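The structure appears right after this line, and notes come after that.
The values are calculated or read from the model by the stated rules, or taken from the named source; none is laboratory data. Everything numeric here is computed off the predicted structure, so don't read it as measured data. Note that we place each Cβ from the backbone using ideal geometry, even for glycine, and neighbour counts take in every protein chain shown. Surface areas here come from the heavy atoms of the whole protein model, side chains and all, with no ligands, DNA or RNA. Shrake-Rupley method; radii C 1.70, N 1.55, O 1.52, S 1.80 Å.
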Amino acid sequence: MRLSFTRFLKVLFAGFFIQTSWSFFSMQGMGFLYNLFAGADKTQRRKILKTHKGFFNTHPYMSSYIVGATLRAYDEGNISPDEIRNFVAITQTSFASTGDLLFWQTLRPAMLLIAAILAVKSGIIGPLVFVIAFNFFHLFHRIRGIYDGYRMSRDVIYILKAKRFTTVRHIFEILGAFFAGLLLSLGSLKMNYLLLLPITILFILLLMKRFSSVLIILAVLLLIIIMVMV
Amino acid sequence: MNFILLSIIGALIMLDKYAFGEFGISQPIIAGTIIGMLCGDIQSGIFIGAMLQLIFLVGLPIGKDIPPDGQAAGIVGTGSYFLLRVTNLAGHALCLALILALISAIIGGALEIIARRRNERFFHLFMRKGKHLFIYHFFGLIPAFLKNFILILPIFLLANYLIIPRQFPELSRDLLTIIALSIGFANAIYLFLKKSTVVYVILGALCGLALLVF
């Protein structure tokens, strides 16, 4: 069985639903099974069900690499259930941490920051830039992940050293830092910087001290109430 | 726009958060733009969306951690602003919409935990029967949609009929900009300031100052 275009499309489409049934017990367990089923025949499905019924969790965009590699392993058929289970267990954590660092912690906030600045200055351009640029990277990993996973099979983990992860992350860290500095110029010279600085320092301290995010939102709420009352 | 229709659209947009696709359209800046477009004032939608985006820039859904629902805040904030503005002053509407947005972010985070616990049942049912994977997996869309709809509908219902008393404080766009910029800057510094990137933050600030002056 090879990775035909129709088979690829089925796996890609199923990948968009990987978190649909996310639960604390199995996390993306059912989503991963559904994603594998999309690219498997009836005999393979029986084997997949026996081997992967349970816990699975990785970064949703990175799951395509693991799905591609797992399907290749089933196509080759010379791998035991224990080996394949170990392979999935190891790769899911590696891809999860890389994906979280790349997308949730760097690429998405950096792009949202750029989009917010552009939106305030130029209106609709900001949201448009975000949707196009973010989904370029998002869909790139979803699409290439299936192909590269299938091509590299159990060696797919070595792809984490590729420039698409390391260099892209570094570039967006720099862009994020640059636009963080630029953010201050969003207002105008008339803006009350004496008011802005203490609030900024307060929230940096709250974030650095790792206060719970609910508490931080409550602090924002309190701040707004105090400021509109004054 | 009708508040029920707006609630349904909002709940559907929020499915993008994790249940389908994750294309980023549920982020406050995009959701604000879409709702603004539907309500006939895209500029206000973009502005409120961008401000809420800066406030919710840090919200990392890593592992089992479920942070406050910034996506819910974006939809509730912009949607209730447009509904409140019909019968109230813009300053009153903005103030109440922002308060409702922040409260809904906290409630949304809690509701998400309930929705995901509900998915556990589908998983156990699937484990017991060992078949109908497609059905049990896609059942997950129901709690995801209902959670969003249950959160948004009462707030939009309230916003649609509420007349805010004159004594209620007003929030100007300038004040909201200061608050959102401060928190956005704090979020950005927390995420991006490292020894290796200090120089780029300074460079960005200098470029910003140059833009301001010239």
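Specify which residue in the list B:V58, A:F13, A:I204 is farthest towards the positive end of the charge dipole of the protein assembly as shown, using unit charges on the beta carbon of Lys, Arg (+1) and Asp, Glu (-1), about the Cα centre.
Checking the options against the dipole of the protein assembly as shown, the answer is A:F13.
Efficiency by 1/(1 + (r/R0)^6): what FRET value for A:E83 and A:I226, r their Cβ-Cβ distance, R0 = 51 Å, to the nearest 0.05? Before the final figure, lay out the partial values.
On the way: r = 60 Å, r/R0 = 1.18.
The computed FRET efficiency comes out at 0.25.
Can you list the HN-Hα couplings for the range B:140-150, worked out from phi with the Karplus curve (6.51, -1.76, 1.60; θ = phi - 60°), rounded to whole Hz and with x for Gly and Pro?
For the range B:140-150, the Karplus curve yields x, 5, 5, x, 5, 5, 4, 4, 5, 5, 5 Hz.
Show me, bin by bin at 10 Å from 0, the whole-percent P(r) of the range B:62-164 based on Cα pairs.
Over the range B:62-164, the share of Cα pairs per 10 Å bin runs 15, 36, 25, 15, 7, 2 percent.
So, with a 1.4 angstrom probe, what is the percent of accessible area on the range A:36-186 that is carbon and sulfur?
Details: 3760 of 6070 Å².
Exposed carbon and sulfur together represent 62 percent of the surface.
Among B:M14, B:M37, B:M127, which one shows the highest mean-square fluctuation when chain B is modelled as a Gaussian network with alpha-carbon springs under 10 Å?
Greatest mean-square fluctuation among the candidates belongs to B:M127.
Would you list, by chain and number, the aspartates and glutamates whose Cα falls below 20 Å from the Cα of A:K53, excluding same-chain residues fewer than 8 positions away?
In chain and number order, the partners are A:D41, A:D75, A:D82, A:E83, B:E120.
Please compute the Cα-Cα pair-distance distribution of the range B:1-118 with 5 Å bins starting at 0, giving whole percents from short to long.
With 5 Å bins starting at 0, P(r) equals 2, 13, 23, 27, 19, 10, 5, 2, 0.
Which value, in debye to the nearest 20, gives the size of the charge dipole of the range A:159-230 about its Cα centre, when Lys and Arg are +1 and Asp and Glu are -1 at the Cβ? Numbers along the way, then the final one.
On the way: 7 positive and 1 negative charges, 78 e Å.
Dipole about the Cα centre, nearest 20: 380 debye.
Quick one: length gained pulling A:M152 to A:N192 fully straight, 0.36 nm per residue minus the C-alpha distance? Present the calculation step by step, with values, prior to reporting the outcome.
Values: separation 40, 0.36 × 40 = 14.40 nm, distance 5.60 nm.
Result for the pair: 8.8 nm of gain on full extension.
Kindly identify chain B as rounded, prolate or oblate by the Cα gyration tensor criterion: order the square roots of the eigenvalues as a ≥ b ≥ c, call it rounded if a/c is under 1.5, otherwise compare a/b with b/c, prolate if a/b is larger, else oblate.
Details: a/c = 2.44, a/b = 1.28, b/c = 1.90.
Taking the square roots of the gyration eigenvalues as a ≥ b ≥ c, chain B is oblate.
On the full set of protein chains, 1.4 Å probe, figure out the accessible area of B:F134 and give it in Å² to the nearest 10.
Answer for B:F134: close to 120 Å² accessible.
With a bin width of 20 angstrom, please list the P(r) values of the protein assembly as shown as percents of all Cα-Cα pairs, from the 0 bin to the one holding the largest distance.
26, 53, 20, 1
How far is helix A:5-15 tilted off the main Cα axis of chain A, in degrees rounded to 10, range 0 to 90?
50 degrees
If you wrap the range B:20-61's Cα atoms in a convex hull and average its projection over all directions, what's the area in nm²? It would help to have the intermediate numbers written out before the result.
Details: hull surface 12.5 nm².
In nm², the orientation-averaged hull projection of the range B:20-61 is 3.1.
Against the empirical 2.2 N^0.38 Å scaling, what ratio does the C-alpha Rg of chain A come to? Mind dumping the intermediate values first?
Numbers: Rg = 22.0 Å, N = 230, 2.2 N^0.38 = 17.4 Å.
Expressed relative to 2.2 N^0.38 Å, the Cα Rg reads 1.26.
Order the peptides A:209-222, A:110-123 from the highest to the lowest mean number of other Cβ atoms within 10 Å of their residues. Don't skip to the answer; put the middle values down first.
Working: A:209-222: 15.3, A:110-123: 22.8.
By packing density, highest mean first, the sequence is A:110-123, A:209-222.
Evaluate the relative contact order of chain A (contact order divided by residue number), counting alpha-carbon pairs under 8 angstrom at least 6 apart; express in whole percent. Show your work: numbers first, answer last.
Details: 235 pairs, mean separation 47.0, N = 230.
Relative contact order here is 20 percent.
Using the structure shown, select from A:K163/B:K195; A:K10/B:K17; A:K42/B:K131; B:K17/B:K147; A:K163/B:K194 the pairs with a Cα to Cα distance greater than 18 angstrom.
Details: A:K163/B:K195 22 Å; A:K10/B:K17 22 Å; A:K42/B:K131 13 Å; B:K17/B:K147 12 Å; A:K163/B:K194 21 Å.
As for pairs spanning more than 18 Å Cα to Cα, those are A:K163/B:K195; A:K10/B:K17; A:K163/B:K194.
Which of B:L141, B:G109, B:Y161 sits farthest toward the positive end of the charge dipole of the range B:60-208, with +1 on the Cβ of Lys and Arg and -1 on the Cβ of Asp and Glu?
About the Cα centre, the residue reaching furthest to the positive side is B:L141.
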